[in-house]
Amino acid sequence: MTENLPEQEPNLAPQNEVGLVVQQLTGAEGQAQAEVFSEILEDAEPGTVALLLEALPLDERYERWQQVEFADRVEVLSLMRADPRMGILRRMPDDEVDLLFAQLSPEDLIEWSDYLPESFTDRALAQMGERQRQHFELYNQYSENEIGRYADHQMLVLSTKATIGQAQRFFRRIELDCNDSLFLVDEEDHFRGAVSRYEVFRSNPDEPLLSLMDEDSRAISADATLMEAAELLEHSRDVELPVVDDEGGLIGRVTLRTATELVREHYEAQLMASAGMNETDDLFAPIMKGARRRAVWLGINLLTAFLASATIGLFEDVLSQVVALAVLMPIVASMGGIAGSQSLTLMIRGMAMGQISAGNLWSLMKNELGIGAVNGVLWAIVIGAVSGWWFSNEIIGIAIGCAILINMLVAAGAGVLVPMVLQKMDQDPALSGSVILTTVTDVIGFLSFLGLATILFL
């Protein structure tokens, strides 16, 4: 950082460093902000520049964007979220957009095209040569959830007929990120195996490279999901693995860096989805656009709230006579909601890791029901005793105790079944699972508590 930036402790975490710079940048205005940003650009990495731009309101963001060197713009945009990136592209003059698209590689365009309007994708393809367009089509045949779409196509590849000396020269001449292996292919570009850098440099240069090939070399299928690919690399001893198509053709590789990014993006997407939002959403999204996106989710929640309210309305008579029930109802719903969310979170994590199948679903269900029963009995006794003492009415204590037990058992079962049902329906459990689960626990909680109270009081 330059001398005008705040002094930082040597062991300061990177996110705190960015936080300090954001604080200084957003604290300045107009020309002062431009000068601060200019100093930041002298030393900052593209990823930091991307974060800083996203932290600025839309007008200030575009003004600072114009200070970014043209040669760095593609990399900075590639490291931004889709919404902020698209906001900048829409404000740029057409001729600047075309110049920018001319710098895009097929790999960059593949990542951008997931969220680019088709018209922008076509404009970018028009700036590419025929060979680049062919590469784009090759990667584009895979879906957004398949690793073949995002495989790193920069790798070291040699024929099985090459010598160790050729491999040594290859390693010395070309530097790649997370590059510890050289991949061997036959005359038809089919993957045959991998050779480690260590083995190459400790062997006789005149020997055939094939003699060093690892017979147990692993490869990832191009149609594997992003998380499957990340997990395969995580459980291997390598920092990179080849990606092959259905016929065994080598099309790219997955590196440790890529796997880490995939896992981070996956869990970030789940976190955002739990609130009905997208990981690409802009921190400073236009008000109407942001409101429109969130309104849908609020509407869904409103419907579930009406359902819970309608359930309460069925017991209007007993509520009018025993006011204490209205005071205690939130406890029943809350305990069931928390118990259910614990099971739901466990299930979503297990499904993401590929640990849940039809074979162990029933065992998992029994285990969660057992946990729900133990906690249900424990907290039913505690809450029932406290409620009975609070309102000097043991019948109220019995009603809420039984309702707590019932709701926690139902919550545990729903926490297991809801995500499985949603997955069978090709819906993301992380996106709608929590809403459905909350509705179930609210309705069952109110129904059991008020239903028991009706039986006991009326």
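The values are calculated or read from the model by the stated rules, or taken from the named source; none is laboratory data. What you see is a predicted model, and the numbers here were worked out from it, not measured in a lab. Note that each Cβ is placed from the backbone with ideal geometry, even for glycine, and that neighbours are counted across all protein chains shown. Accessible surface areas use protein heavy atoms only, side chains included; no ligands, DNA or RNA. Shrake-Rupley method; radii C 1.70, N 1.55, O 1.52, S 1.80 Å.
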Filter result for R131 (closer than 25 Å to V195 by Cβ, open to solvent by 50 Å² or more (accessible area, probe 1.4 Å), free of Cβ contacts under 8 Å to residues at least 60 places away in the same chain and not β-branched (V, I, T)): no
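For the structure I just gave you, tell me whether F191 is open to solvent by less than 20 Å² (accessible area, probe 1.4 Å), under 24 Å from N204 (Cα atoms) and not in a loop (DSSP other than H, G, I, E, B).
Numbers: open to solvent by less than 20 Å² (accessible area, probe 1.4 Å): no; under 24 Å from N204 (Cα atoms): yes; not in a loop (DSSP other than H, G, I, E, B): yes.
No; evaluated as a whole, the condition is false for this residue.
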Note on region 385-396: residues part of a helix (DSSP H, G or I) and open to solvent by 10 Å² or more (accessible area, probe 1.4 Å) are A385, V386, G388, W389, W390, E394, I395
For region 194-224, enumerate the residues that are in contact with a helix residue (DSSP H, G or I) (Cβ under 7 Å, 6 or more places away or on another chain) and either aliphatic (A, V, I, L, M) or assigned to a strand (DSSP E or B) (or both). V195, V200, L209, L212, I220, A222, A224
Answer yes if at least one residue in region 48-61 is among the β-branched types (V, I, T) and modelled with pLDDT under 85, and no otherwise. no
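Kindly evaluate G290 against the criterion of being on the phi < 0 side of the Ramachandran plot and either modelled with pLDDT of 80 or more or assigned to a loop (DSSP other than H, G, I, E, B) (or both).
Details: on the phi < 0 side of the Ramachandran plot: yes; either modelled with pLDDT of 80 or more or assigned to a loop (DSSP other than H, G, I, E, B) (or both): no.
Criteria not met by G290.
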Being over 22 Å from Q166 (Cβ atoms), open to solvent by 60 Å² or more (accessible area, probe 1.4 Å) and at pLDDT below 90 is the requirement here; does E228 meet it? yes
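Based on this model, can you work out whether G359 counts as part of a helix (DSSP H, G or I) and either over 29 Å from the mean Cα position of the chain (by Cα) or surrounded by 21 or more Cβ atoms within 10 Å (Cβ to Cβ) (or both)?
On the way: part of a helix (DSSP H, G or I): yes; either over 29 Å from the mean Cα position of the chain (by Cα) or surrounded by 21 or more Cβ atoms within 10 Å (Cβ to Cβ) (or both): no.
In short, no.
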Do we find that L79 is modelled with pLDDT under 90, out of contact with any Ser or Thr (no Cβ under 7 Å at 6 or more places or on another chain) and under 25 Å from N140 (Cα atoms) in this structure? yes
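Among the candidates N4, N11, N16, which residue alone is open to solvent by 60 Å² or more (accessible area, probe 1.4 Å), assigned to a helix (DSSP H, G or I) and at pLDDT below 85? First the steps, then the outcome.
On the way: N4 fails: assigned to a helix (DSSP H, G or I); N11 fails: assigned to a helix (DSSP H, G or I).
Answer to the selection: N16.
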Within the group E111, E118, which residue is in contact with a Phe, Trp or Tyr (Cβ under 9 Å, 6 or more places away or on another chain) and either acidic (D, E) or open to solvent by 30 Å² or more (accessible area, probe 1.4 Å) (or both)? E111
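Condition (residue is in a helix (DSSP H, G or I), among the β-branched types (V, I, T) and closer than 30 Å to Y142 by Cα) applied to region 45-67: is it met by at least one residue? First the steps, then the outcome.
Residues of region 45-67 in a helix (DSSP H, G or I): 46-54, 58-65.
Filter once more, so that each one left must be among the β-branched types (V, I, T): 48-49.
After this cut, where a residue has to be closer than 30 Å to Y142 by Cα as well, the list is none.
No, region 45-67 has no match at all.
On the given criteria, is L210 open to solvent by less than 40 Å² (accessible area, probe 1.4 Å) and either under 23 Å from D245 (Cβ atoms) or of a type in the set (S, T, N, Q) (or both)? I'd like the intermediate steps shown before the answer.
Working: open to solvent by less than 40 Å² (accessible area, probe 1.4 Å): no; either under 23 Å from D245 (Cβ atoms) or of a type in the set (S, T, N, Q) (or both): yes.
Against the criterion (open to solvent by less than 40 Å² (accessible area, probe 1.4 Å) and either under 23 Å from D245 (Cβ atoms) or of a type in the set (S, T, N, Q) (or both)), L210 does not qualify.
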